[in-house]
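S.K.: Below is the structure I would like to discuss, written out as structure tokens.
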Amino acid sequence: MYKEFSISILEPLNTALLSHLIRKDGQEDLCFALYAPSYGLNRQSALVNEIILPEAHDRQIHGNVSFNEIYFKRVCLHAMSKGMGVCFIHSHPYPGWQSMSQDDIDAETKMAPTASCLTNFPLIGLTVGSDGTWSGRIWEFSNKGEPTMTWASLVKSVGRSVMPSFNDRLLPPSEYREQFKRTRTVYGDVSHKRVTRLRIGIVGLGSVGSILAEMLARMGFQRFVLIDFDVIKEHNLDRQLGSTKDDIGKHKVAIAERGIRKSATSKNLEIKCVIDTITSKKAYKAALDCDVLFSCVDRPLPRYILNHIAYAHLIPVIDGGIKVTFKDAVFQTAEWQLQTCTNGKACLQCLGVYQPSEVDLERSGKLDDPTYMEGLPNDHHLKSNENIFPFSANLASMEIFQLIALLTKIGDADFGVQRFRYVYGMISNYEDKMCVELCPFVLGTATGDLFFIPV
């Protein structure tokens with residue numbers, strides 16, 4: 001049994017749903033949609049994949065709204081053909097997170113057994129208020145075969161921006177504290193209350209990941225998933241924030257958790273530490289519990305997996321990497337690049353951040369074979385791991401800016417691919433990069449693991 005339930009709606013579908021459901025005449029309206037499931041460690045999610053708008057005579061609008069049985073059956077048959085579940089969606093003519101009337105409960109209770117029987121997935125109910133605030137729920141069945149409803153903790157639109165609607169009873173906003181007064185002043189009371197309730201995952205708690213954890217804790221974020229298999233080594237101490245020589249041999253996630261608890265400005269913290277690699281089933285599932293992920297990894301296979309999560313599971317991934325160039329063992333320059341991978345933006349594979357052939361090499365074990373690695377040129381990017389604390393700090397700061405742009409749109413910021421060049425002291429932005437035609441990650445958007453699981 002999952003501790004939490006959430007719903008994600010693809011941003012273009014969210015726009016289309018609001019246009020259909022929020023009527024100028026103030027009456028209610030309805031439609032159906034298909035969804036794919038997403039199963040994390042502790043959170044089950046529904047990914048709205050396709051809208052099925054009503055045709056002529058499919059529904060009657062009379063202040064309230066009702067639908068004909070043939071419409072519902074047609075949707076169920078379409079869901080069966082796609083291997084997906086059914087969402088019933090309707091509007092209410094007043095704002096905020098919506099409760100359910102007895103008529104709503106009766107309608108969804110009646111639909112739930114049929115939808116579940118035909119599709120093998122629970123019925124999802126969604127309601128939108130007049131201000132665009134969503135509420136949602138899932139209908140499952142008890143051991144006695146009785147339908148039981150569980151409220152979603154949040155419903156969010158996901159694309160070039162993330163716009164969440166929260167169930168305040170399940171995810172209450174953080175209490176005001178003097179400790180984050182300045183941060184809240186900059187981002188605004190509403191934005192700060194909204195973004196700090198989201199669960200942020202950091203995959204890789206090395207130099208960049210440890211700095212991100214510290215920044216997020218001080219900004220008032222409360223919910224963390226920390227994923228890393230590695231331990232602190234002596235050569236990490238010049239760039240691993242929060243670690244000392246006494247921490248050598250301890251797991252990086254443990255040091256990061258300690259730092260978050262020491263620096264957090266919010267009162268209620270929820271921290272999940274996963275001592276494993278994202279290529280493992282457990283860590284992969286833990287990542288699916290998150291609303292946004294930071295990719296602080298340097299291998300192609302983890303990036304490939306995170307790329308899948310960004311599109312298939314509608315969990316944006318903010319990725320960054322540092323490259324230091326030497327000539328005859330003398331420093332020449334350094335560059336760091338970062339990008340947010342989400343629906344409407346280019347994926348990591350199409351950006352060339354990793355090569356599919358390198359993913360195959362890592363799966364085969366070649367990148368852990370010293371003989372193979374020694375055969376690569378000294379300047380090969382798979383052998384380059386030089387870095388210093390100021391480079392990591394700058395990259396981490398830029399990644400935080402991409403997070404804030406994604407979650408708040410403050411200043412109408414919408415960053416593309418960003419690259420900082422040390423020698424020139426310049427930040428370049430690349431806004432025109434998009435995925436190639438028939439990109440498999442884009443084609444798999446909002447399908448979860450229905451068609452393939454990368455781990």
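The values are calculated or read from the model by the stated rules, or taken from the named source; none is laboratory data. What you see is a predicted model, and the numbers here were worked out from it, not measured in a lab. When we count neighbours, we look across all protein chains shown, and the Cβ atoms used for this are built from the backbone with ideal geometry, even at glycine.
Okay, residues lined up against (1) in contact with a strand residue (DSSP E or B) (Cβ under 6 Å, 6 or more places away or on another chain); (2) of a type in the set (Gly, Ala, Ser):
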position: 324; (1), (2): yes, no
position: 329; (1), (2): no, yes
position: 341; (1), (2): yes, no
position: 344; (1), (2): no, yes
position: 358; (1), (2): no, no
position: 364; (1), (2): no, yes
position: 367; (1), (2): no, no
position: 371; (1), (2): no, no
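Each row is one residue, and each column tells you yes or no for (1) in contact (Cβ under 8 Å) with a residue 60 or more places away in the chain; (2) of a type in the set (A, V, I, L, M); (3) under 30 Å from residue 160 (Cα atoms).
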site	(1), (2), (3)
28	yes, no, yes
37	yes, no, yes
63	no, no, no
83	yes, no, yes
129	no, no, yes
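S.K.: Of the residues 162, 190, 155, which is in the same structural domain as residue 299 (by TED's automatic domain parsing) and of a type in the set (A, V, I, L, M)?
M.R.: Details: 162 fails: in the same structural domain as residue 299 (by TED's automatic domain parsing); 155 fails: in the same structural domain as residue 299 (by TED's automatic domain parsing).
Criteria check complete, one pass: 190.
S.K.: Can you tell me which residue in region 143-163 is farthest from residue 114 (Cα to Cα), limited to those that are of a type in the set (Val, Ile, Thr) and surrounded by fewer than 18 Cβ atoms within 10 Å (Cβ to Cβ)? Working first, answer last.
M.R.: At the first step, the residues of region 143-163 found to be of a type in the set (Val, Ile, Thr) are 148, 150, 155, 158, 162.
Now restrict to residues that are surrounded by fewer than 18 Cβ atoms within 10 Å (Cβ to Cβ): 148, 150.
Working: 148: 14, 150: 18 Å.
Of everything passing the filter in region 143-163, 150 is farthest from residue 114 (Cα to Cα).
Conditions tested, residue by residue: (1) charged (D, E, K, R); (2) on the phi > 0 side of the Ramachandran plot; (3) touching a helix residue (DSSP H, G or I) at 6+ places or on another chain (Cβ under 8 Å).
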residue: 197; (1), (2), (3): yes, no, no
residue: 206; (1), (2), (3): no, no, yes
residue: 212; (1), (2), (3): no, no, yes
residue: 217; (1), (2), (3): no, no, yes
residue: 239; (1), (2), (3): yes, no, yes
residue: 244; (1), (2), (3): no, no, no
residue: 263; (1), (2), (3): no, no, yes
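Results for (1) surrounded by fewer than 19 Cβ atoms within 10 Å (Cβ to Cβ); (2) part of a strand (DSSP E or B); (3) assigned by TED's automatic domain parsing to the domain that holds residue 20, shown as yes or no for each residue.
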{"residue": "41", "(1), (2), (3)": "yes, no, yes"}
{"residue": "55", "(1), (2), (3)": "yes, no, yes"}
{"residue": "60", "(1), (2), (3)": "yes, yes, yes"}
{"residue": "89", "(1), (2), (3)": "no, yes, yes"}
{"residue": "95", "(1), (2), (3)": "yes, no, yes"}
{"residue": "110", "(1), (2), (3)": "yes, no, yes"}
{"residue": "130", "(1), (2), (3)": "yes, no, yes"}
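S.K.: Also: In region 64-76, is there at least one residue being acidic (Asp, Glu) and either within 19 Å of residue 157 (Cβ to Cβ) or part of a strand (DSSP E or B) (or both)?
M.R.: Residues of region 64-76 that are acidic (Asp, Glu), as a first pass: 69.
Keeping just the survivors that are either within 19 Å of residue 157 (Cβ to Cβ) or part of a strand (DSSP E or B) (or both) gives none.
No, there is no match, as no residue in region 64-76 is acidic (Asp, Glu) and either within 19 Å of residue 157 (Cβ to Cβ) or part of a strand (DSSP E or B) (or both).
S.K.: To continue, here is another question. Taking the condition free of Cβ contacts under 8 Å to residues at least 60 places away in the same chain, of a type in the set (D, E, K, R) and within 26 Å of residue 159 (Cα to Cα), does residue 104 pass?
M.R.: Judged against the criteria, residue 104 is not a match.
Rundown of residues vs (1) modelled with pLDDT of 90 or more; (2) of a type in the set (Ser, Thr, Tyr); (3) surrounded by 13 or more Cβ atoms within 10 Å (Cβ to Cβ), yes/no style:
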position: 329; (1), (2), (3): no, no, no
position: 360; (1), (2), (3): yes, no, yes
position: 374; (1), (2), (3): no, no, no
position: 378; (1), (2), (3): no, no, no
position: 388; (1), (2), (3): no, no, yes
position: 398; (1), (2), (3): yes, no, yes
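S.K.: Looking at region 189-204, I want the residues that are at pLDDT 95 or above and have a partner that is of a type in the set (Asp, Glu) with Cβ atoms under 6 Å, at least 6 apart or on another chain. Which pairs are those?
M.R.: Here the result reads 198/291; 199/291; 204/228, each pair linking region 189-204 to a residue that is of a type in the set (Asp, Glu).
S.K.: Under the condition of being more than 26 Å from residue 201 (Cα to Cα) and surrounded by 12 or more Cβ atoms within 10 Å (Cβ to Cβ), which residue from region 400-426 is nearest to the chain's Cα centre (by Cα)? I'd like the intermediate steps shown before the answer.
M.R.: Here is the first cut: in region 400-426, the ones more than 26 Å from residue 201 (Cα to Cα) are 421-426.
Still in the running and surrounded by 12 or more Cβ atoms within 10 Å (Cβ to Cβ): 421-422.
Values: 421: 29, 422: 31 Å.
Per the criteria, the residue is 421.
S.K.: Scanning region 440-454 for residues that are in a loop (DSSP other than H, G, I, E, B) and among the aliphatic types (A, V, I, L, M), which turns out surrounded by the fewest Cβ atoms within 10 Å (Cβ to Cβ)?
M.R.: Taking region 440-454 and keeping what is in a loop (DSSP other than H, G, I, E, B), we get 444-454.
Checking the rest, the ones that are also among the aliphatic types (A, V, I, L, M) come to 446, 450, 453.
Details: 446: 25, 450: 17, 453: 12.
Among residues in region 440-454 that are in a loop (DSSP other than H, G, I, E, B) and among the aliphatic types (A, V, I, L, M), the one surrounded by the fewest Cβ atoms within 10 Å (Cβ to Cβ) is 453.
S.K.: Look at residue 99 and say whether it is small (Gly, Ala, Ser) and surrounded by 22 or more Cβ atoms within 10 Å (Cβ to Cβ). Please lay out each step first, then the result.
M.R.: Details: small (Gly, Ala, Ser): yes; surrounded by 22 or more Cβ atoms within 10 Å (Cβ to Cβ): no.
Considered against the rule, which asks whether it is small (Gly, Ala, Ser) and surrounded by 22 or more Cβ atoms within 10 Å (Cβ to Cβ), residue 99 comes out as no.
S.K.: Condition first: farther than 22 Å from residue 42 by Cβ and outside any loop (DSSP other than H, G, I, E, B). Now tell me which residues in region 216-251 satisfy that.
M.R.: 218, 219, 231, 234, 235, 236, 245, 246, 247
S.K.: Let me spell it out: the conditions are (1) modelled with pLDDT of 95 or more; (2) touching a helix residue (DSSP H, G or I) at 6+ places or on another chain (Cβ under 7 Å), and residue 270 meets all of them except one. Which number is the exception?
M.R.: Of everything listed in (1) modelled with pLDDT of 95 or more; (2) touching a helix residue (DSSP H, G or I) at 6+ places or on another chain (Cβ under 7 Å), residue 270 misses just condition (2).
S.K.: Still on this structure, please answer the following. When residue 282 is evaluated against the numbered criteria (1) in contact with a strand residue (DSSP E or B) (Cβ under 7 Å, 6 or more places away or on another chain); (2) at pLDDT below 95; (3) surrounded by fewer than 19 Cβ atoms within 10 Å (Cβ to Cβ), which criterion, by number, is the only one it fails?
M.R.: Answer for residue 282: the failing condition is (2).
S.K.: Checking residue 19 against (1) surrounded by fewer than 18 Cβ atoms within 10 Å (Cβ to Cβ); (2) within 30 Å of the chain's Cα centre (by Cα); (3) assigned to a strand (DSSP E or B), which test does it fail?
M.R.: (3)
S.K.: Continuing with the same structure: Please enumerate the residues belonging to region 407-437 that are more than 16 Å from residue 342 (Cα to Cα) and among the hydrophobic types (A, V, I, L, M, F, W, C).
M.R.: Those that are more than 16 Å from residue 342 (Cα to Cα) and among the hydrophobic types (A, V, I, L, M, F, W, C): 410, 420, 423, 426, 427.
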